[in-house]
Amino acid sequence: MFRKMNHHQPFKKEWSWVETEGVMSYLSKAFKENYRIKDIDSKFGLPYTSSSDFAMISNTNCQFEIEHGINLDCFALTDNDYPIIVAIGSDNDGNDFFYAVEEN
């Protein structure tokens, strides 16, 4: 479900309602199929926020490891013609890691 990627694309600064609903639907399906998590809102929180850097839905409820030692922080969308959902995680030293969210 997560494919490590280099962060070289800008992220969208704002999402439309349609984009937000689409991302939530995609993530809901992916987490249900890959991790048997039925309610991603309850598991992760996932409030939508927009900072000066980019818009995101954030994991506010739990620790979830994308891979060993990398905790899920939030999801963002790349700002291009074909947006990619990106999971952003960090390690205990504050280093950021980026993963494309893909269907298996």
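Where the Cα atoms of the chain are projected onto their three principal axes, how long is each span, largest first, in whole Å?
31, 30, 25
Summing Lys, Arg as +1 and Asp, Glu as -1, what charge do residues with Cβ under 14 Å from the Cβ of N61 carry, N61 excluded?
Residues close to N61 contribute a combined charge of -2.
Using 0.36 nm times the number of residues separating T49 and I37, minus their current alpha carbon distance, what extension gain do you get?
Separation in residues times 0.36 nm, less the Cα-Cα distance, equals 2.0 nm.
Subtracting the Cα-Cα distance from 0.36 nm times the residue separation, let me have the gained length for V18 to H68 in nm, one decimal.
14.7 nm is the gain from fully extending V18 to H68.
Nearest 500 deg cm²/dmol is fine: what mean residue ellipticity at 222 nm does the chain get from its DSSP H runs of n ≥ 4 alone, each adding -39,500 (n - 2.57), divided by its residue count?
Here the helix-only value at 222 nm equals -7000 deg cm²/dmol.
Only Lys, Arg, Asp and Glu count, each charged at its Cβ (+1, +1, -1, -1), so figure out the dipole size of the chain about its Cα centre, rounded to 20 debye.
In total the dipole reaches around 280 debye.
Starting from the Cα-Cα distance between H7 and Y82, subtract it from 0.36 nm times their residue separation and give me the gain in nm to one decimal.
Length gained, H7 through Y82: 25.4 nm.
Put +1 on the Cβ of every Lys and Arg and -1 on every Asp and Glu Cβ in the chain; which of S42, A55, I84 then has its Cα farthest towards the positive end of the dipole?
Final value for the positive-end residue is S42.
Can you tell me the relative contact order of the stretch 2-101? Whole percent, Cα pairs under 8 Å, sequence separation 6 or more.
It rounds to 28 percent for the stretch 2-101.
Read-outs throughout are calculated quantities, based only on the coordinates presented, and are distinct from any laboratory measurement. As the structure is a prediction and not an experimental result, all values here were calculated from the model. Reconstructed Cβ throughout: ideal geometry from the backbone, glycine too, with neighbour counts over all protein chains shown.
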